[in-house]
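Just below is one structure, and these are the notes that go with it.
Rule-based calculations on the coordinates, nothing more; no lab input. Bear in mind the structure is a predicted one, so any value in this text is a computation, not a measurement.
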Amino acid sequence: MCRNIKTLFNFDPPATEEEIRAASLQFVRKLSGYNKPSKANEDVFDAAVEEVFGVAKRLLDGLTTSAPARDREVEAARARERNAKRFG
């Protein structure tokens, strides 16, 4: 799993389209091995990002849970704490 792709479901406030698109871009980059595709591959790369975005948006919109929504600030603080322990 790409470490740059973060969980987007069940947060308050919910994930924005920008966040979903950024995760989609990271996913396509990981699969293709390109950070920025060549001109020859640009159209297919961009189309893949849009398709992944659409699927990811439908997934997030369709998921349900009875768990309370997680607070973004609390989760960010936990991540900072884990990073501090890991990297000093």
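Around R70, which amide H atoms from residues at least 5 apart in sequence, or from another chain, sit under 5 Å from its own amide H, with H modelled in the peptide plane?
Those qualifying (amide H under 5 Å, at least 5 residues apart or on another chain) are F11, D12.
How much length is gained if the chain between A79 and K57 is pulled fully straight, taking 0.36 nm per residue apart and subtracting their Cα-Cα distance, in nm to one decimal?
Details: separation 22, 0.36 × 22 = 7.92 nm, distance 2.43 nm.
Result: 5.5 nm gained on full extension.
I'd like the orientation of helix 17-32 relative to the chain: the angle between its Cα long axis and the longest Cα principal axis, in ° from 0 to 90, rounded to 10.
Tilt relative to the chain: about 60 degrees.
Given the rule -39500 (n - 2.57) for each run of at least 4 DSSP H residues, summed and divided by the residues of the chain, what is its mean residue ellipticity at 222 nm, to the nearest 500 deg cm²/dmol?
It lands at -21500 deg cm²/dmol.
Using the structure shown, select from K57/K85; K30/K57; K36/K85 the pairs with a Cα to Cα distance greater than 25 angstrom.
Table pairs above 25 Å Cα-Cα are K57/K85; K36/K85.
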